[in-house]
Amino acid sequence: MLLEDEVEAVILGLRYVDQRGDEVLQVAAGAALAKIGSVMPPQAQAEMAHPLSLPGPVGSFPENATLLGALRAAIREQVRLDIQYADEQGRRTTRIVWPVQLGFMDRARALFAWCELRGDFRTFRTDRIAAIIRLDRYRASRTELVRRLKAHLAAQADWKGSPDGN
């Protein structure tokens, strides 16, 4: 059985997904919450109905279920993508990427991917992806790419801490 703090953490996470996830994840979070609630004792069910913690307010996201579904499939199948992308200034670029993960942040949804043009990991806001074309399968292990992406993001966070990178 889960401890009180563990129940709180799970509920908070599922409510966060319900607020910020796309329709696929919202449905999955609701189903998971119902399954968890059905096996909890009555006291824990009451705590689930009136949780101690809630995710903060959420903005609105332009929904593109077709795009997010295609990105999920490409990640699962380890398929390289040719994407048409617009940067902050609206300039269009074409990139060949190896999709690794989707990110659901407070104000944006993002694709984390290895970019062949830059030879490095890049983040692409999904609302700025104009089109995708599926290419061939990439040969790298997705597990290894996730590990490398986490190290890359951690290094970026460390570097932003001070101008000299220390």
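The values are calculated or read from the model by the stated rules, or taken from the named source; none is laboratory data. What you are looking at is a predicted structure, and each value in this text was computed from that prediction instead of being measured. Here Cβ is always computed from backbone atoms with ideal geometry, including for glycine, and neighbour counts include all displayed protein chains.
Listed by first and then second residue, the pairs with beta-carbon distance under 6 Å, at least 6 apart or on different chains, first residue in segment 115-141 and in the same structural domain as T93 (by TED's automatic domain parsing) and within 16 Å of L71 (Cβ to Cβ), second among the aromatic types (F, W, Y) and assigned to a strand (DSSP E or B), are F121/W114; T123/F112; F124/Y85; R128/Y85; I129/Y85; Y138/W98. Restricting attention to segment 103-120 and to residues that are out of contact with any strand residue (DSSP E or B) (no Cβ under 6 Å at 6 or more places or on another chain) and part of a strand (DSSP E or B), the residue that is surrounded by the most Cβ atoms within 10 Å (Cβ to Cβ) turns out to be R109.
Scanning segment 1-24 for residues that are farther than 18 Å from P57 by Cα, out of contact with any Pro (no Cβ under 9 Å at 6 or more places or on another chain) and surrounded by 17 or more Cβ atoms within 10 Å (Cβ to Cβ) yields a total of 0. Taking the listed residues G13, G69, G59, the one that is part of a loop (DSSP other than H, G, I, E, B), under 19 Å from G103 (Cα atoms) and either modelled with pLDDT of 80 or more or not assigned by TED's automatic domain parsing to the domain that holds F124 (or both) is G59, with no other qualifying. For segment 117-136, filtered to residues that are more than 21 Å from the chain's Cα centre (by Cα) and charged (D, E, K, R), the residue that is modelled with the highest pLDDT is D136.
Just checking, which of L68, L3, L54 is among the hydrophobic types (A, V, I, L, M, F, W, C) and touching a Ser or Thr at 6+ places or on another chain (Cβ under 8 Å)? Don't jump to the end; show me each part of the working.
Details: L3 fails: touching a Ser or Thr at 6+ places or on another chain (Cβ under 8 Å); L54 fails: touching a Ser or Thr at 6+ places or on another chain (Cβ under 8 Å).
One residue alone meets the criteria, L68.
Consider T66 carefully, then state whether it is among the hydroxyl-bearing types (S, T, Y) and without any contact (Cβ under 8 Å) to a residue 12 or more places away in the chain. In short, yes.
Contact map, segment 44-56: residues that are without any contact (Cβ under 8 Å) to a residue 60 or more places away in the chain and in the same structural domain as Y16 (by TED's automatic domain parsing) paired with residues that are part of a helix (DSSP H, G or I) and among the aromatic types (F, W, Y), Cβ distance under 8 Å, separation 6+ or inter-chain. No pairs are found.
State whether one or more residues within segment 151-159 are outside any helix (DSSP H, G or I) and aromatic (F, W, Y). Outline the logic, then answer.
First, pick out the residues of segment 151-159 that are outside any helix (DSSP H, G or I): none.
Within segment 151-159 (the criterion being outside any helix (DSSP H, G or I) and aromatic (F, W, Y)), the answer is no, since none of the residues qualifies.
Going residue by residue through segment 78-88, is there one that turns out to be without any contact (Cβ under 8 Å) to a residue 40 or more places away in the chain, in a strand (DSSP E or B) and surrounded by 15 or more Cβ atoms within 10 Å (Cβ to Cβ)? So far as segment 78-88 goes, no, none of its residues is without any contact (Cβ under 8 Å) to a residue 40 or more places away in the chain, in a strand (DSSP E or B) and surrounded by 15 or more Cβ atoms within 10 Å (Cβ to Cβ).
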